[in-house]
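One structure below.
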Amino acid sequence: MGDYLGIDCGVFAAIDIDKRPVFPLLYWGMRAQNHRGHQSHGFLTYDGQFHIHKALDLIPKIKRNEVKSWLVNLPGHIGIANVRYTTSGRTDHESLQRGTQPVTAEKGDIKIAVSFNGNVVNTRQLREEIRKVFPGFHYECDAELICRKLLIELIERKDLVSAVKACMEKIEGAFSVTGITSKGEFFAFKDPYGIRPLCAGHSRDSKVYAFSSESVGLNINDLILDFELEPGELVMASEEGLKREKLVENGKAFCAFEFAYFARPDSRFGDKYVYEVREEFGRNLARENPDIVKDADLIISMPETGNDAAYGLHEETGLRWERATRRHRFVTERAFILLPHERYRTIDKKINILAEKVRGKRVIVIDDSIVRGDTTRVVVEKLRKMGAKKVYVFVTFPRIIGPCFYGIDMATYGELIGSKHSPEEIAKIVGADAVRYQSIESFVRATGMGKDELCLGCITRKYPTPLAQQLADKMYKWFLRGCKETGRIYETADLTETRSLYSKR
Ligand code: SF4
């Protein structure tokens, strides 16, 4: 479970060719993906007009007697939906409300609606461009930028395919987008590097076509997974089925962290389930650390993202995987919403470790990642108090040494324990006998993708997109000089050095 990290969003979208209400599909598609964003949610349906419902927090349970009113309020056979965690824009209560997706934009008789997952890097440049057409434009979130930019291109080019292509060429960042136009065109597209997931599927009778961030959104609706969208690909869904068009060629850089942390274990990327990849992570850690395996008595895992790796580690080593760490199921507070002193206490309250199982034992704790190190420190401390003789920490995601510009909530070098400390130093800081990370090579091999098909930006400081690379390099220099970072630097208006980076493009 590492330190809690937010991802930007999850999306689900569907069209019913027989014109049956699509809201139930959207609802379940999002319920299956609430782990991708819990600060707000929204549904937008289309029956010739847009109908929208947006609210903060998790997607609510709908009582039997409320179903009718939801269907009345959200009629239509096409729809897009979103769950969101804020990685762009402000995070106060009102801004969160205003930043909730899906978003709409209109000019003249053209109107579009968009639900997206990702993060824009050239935010400032786009804001300036958009303000030329929409002078009062108030930036709330990246979805607004994408929606307005798409509308501007659509007005200019009068054709959705060319408008999407222009967006792919002019927006830098990660964006997996689903949308509807006021003409009822239903579409989905991915940025030219395909950084965030987005897959397409259909019903057994081919009457429903859908897009989902993760395949679990299709599974819950009994839809069949067809394919993961390619980078730079636009897919339109209509009575004629799914029409695919590759608009921009640029390579591929799928977020590696999806495999370790974000995605549900039962989601599928490429030809593997995420849990299969995580099991292999565990086997790799065993192969890479024979000295520790030889010394250890048992394995415990951090629930839930460490469980599959623990199974792989157990398989490879024959060491007992003691299921001695359990989550308190209904203690669901997220560490980040609390004050720093509360954060420490709440992490402590979320996991129950069974003392008698670890007392006097040399324990390998397997976890998905170490970001700030808070959680690891608490867990190691707890194990020590319980009498564990030795505590080794195995981490499936390689050491995080750089920020993410593509929608994961780690924006600065300063917040990352791995950006300033070696694994040996981190072990000392968190109180462990050793901290061992999976190597990048083994990690990549386990995913079944090539190194050149993954974004490894935060673990290599080599980013797939040019502005992100320039910002990362510039920020790193500032960081080494001891300058204080200010969060999402690419959104900051008064950084003259950042301005010069834009002008260099
Ligand atoms: S920088 Fe890291 S977290 Fe961000 S998209 Fe790349 S691999 Fe994923």
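The values are calculated or read from the model by the stated rules, or taken from the named source; none is laboratory data. Source: prediction; values computed, not measured. Here the Cβ positions follow ideal geometry from the backbone for every residue, glycine too, while neighbour counts run over all protein chains shown. Side chains are part of the model used for accessible areas, which takes the heavy atoms of the whole protein and leaves out ligands, DNA and RNA. Shrake-Rupley method; radii C 1.70, N 1.55, O 1.52, S 1.80 Å.
At 222 nm, what helix-only mean residue ellipticity would the chain give, in deg cm²/dmol to the nearest 500, using -39500 (n - 2.57) for each DSSP H run of four or more?
Numbers: 19 runs with 171 residues, N = 505.
Calculated from helices alone, the mean residue ellipticity at 222 nm is -9500 deg cm²/dmol.
Please give me the summed charge of the neighbours of Cys455: other residues whose Cβ is under 10 Å from its Cβ, Lys and Arg +1, Asp and Glu -1.
+1
Kirkwood hydrodynamic radius, the chain, all distinct C-alpha pairs: what's the number in Å? If you can, show how the numbers build up before the last one.
On the way: mean 1/r = 0.0427 Å⁻¹.
For the chain, inverting the mean 1/r across all distinct Cα pairs yields 23.4 Å.
Starting from the residue with the highest accessible area, list Glu240, Glu140, Glu316 in decreasing order, probe 1.4 Å.
On the way: Glu240 165, Glu140 10, Glu316 80 Å².
So, going from the largest accessible area down, we get Glu240, Glu316, Glu140.
Gain in length, Thr460 to Lys294, computed as 0.36 nm per residue apart minus the alpha-carbon separation, to one decimal in nm? Could the numbers behind the result be given before it?
Working: separation 166, 0.36 × 166 = 59.76 nm, distance 3.01 nm.
Full-extension gain reported as 56.8 nm.
Could you give me the ³J(HN,Hα) list for region 193-210, computed from phi with Karplus coefficients 6.51, -1.76, 1.60 and θ = phi - 60°, whole Hz, x at Gly and Pro?
10, x, 5, 9, x, 6, 10, 10, x, 8, 7, 4, 8, 6, 9, 10, 10, 9
Using θ = phi - 60° and the Karplus form 6.51 cos²θ - 1.76 cosθ + 1.60, what ³J(HN,Hα) does each residue of region 289-302 get, whole Hz, x for Gly and Pro?
Rounded to whole hertz, the list is 9, x, 4, 6, 4, 5, 8, 7, 9, 7, 10, 10, 10, 7.
Return the FRET efficiency for the residue pair Lys428, Lys272: r is the Cβ-Cβ distance, R0 is 56 Å, and the value is rounded to the nearest 0.05.
Values: r = 36 Å, r/R0 = 0.64.
Efficiency computed from Cβ-Cβ geometry: 0.95.
Skip the ligands, DNA and RNA, and give the accessible area per residue of the chain with a 1.4 Å probe, whole Å². Numbers along the way, then the final one.
Numbers: 20230 Å² over 505 residues.
Value returned for the chain: 40 Å² of accessible area per residue.
Normalising by the residue count of the chain, find the relative contact order in percent from Cα pairs under 8 Å and 6+ residues apart. Before the final figure, lay out the partial values.
Working: 1165 pairs, mean separation 70.7, N = 505.
Once normalised by length, the contact order is 14 percent.
What are the aspartates and glutamates whose alpha-carbon lies under 19 Å from the alpha-carbon of Lys207, with same-chain residues fewer than 8 places away excluded?
Partners found: Asp16, Asp18, Asp47, Glu185, Asp222, Asp226, Glu239, Glu240.
Past the 22 Å Cα-Cα mark, which pairs from Lys111/Lys165; Lys190/Lys451; Lys19/Lys149; Lys420/Lys484; Lys54/Lys132; Lys361/Lys428? Mind showing how you got there, number by number?
On the way: Lys111/Lys165 18 Å; Lys190/Lys451 20 Å; Lys19/Lys149 30 Å; Lys420/Lys484 14 Å; Lys54/Lys132 28 Å; Lys361/Lys428 20 Å.
In this structure, Lys19/Lys149; Lys54/Lys132 lie more than 22 Å apart at Cα.
Counting Lys and Arg as +1 and Asp and Glu as -1, each charge on the Cβ, what is the dipole of the chain about the Cα centre in debye, to the nearest 20? Walk me through the numbers before you get to the answer.
Working: 77 positive and 70 negative charges, 266 e Å.
Dipole about the Cα centre, nearest 20: 1280 debye.
With Cβ to Cβ distances under 15 Å as the rule, what net charge do the other residues near Gly108 carry (K, R +1; D, E -1)?
+2
At 1.4 Å probe size, with the rest of the protein present, what percent of the exposed accessible area of region 190-268 is carbon and sulfur atoms?
Values: 1210 of 2720 Å².
The computed percentage sits at 45.
Among residues other than Pro192 whose Cβ falls under 12 Å from its Cβ, what is the net charge (Lys/Arg +1, Asp/Glu -1)?
With Lys, Arg at +1 and Asp, Glu at -1, the neighbours total -1.
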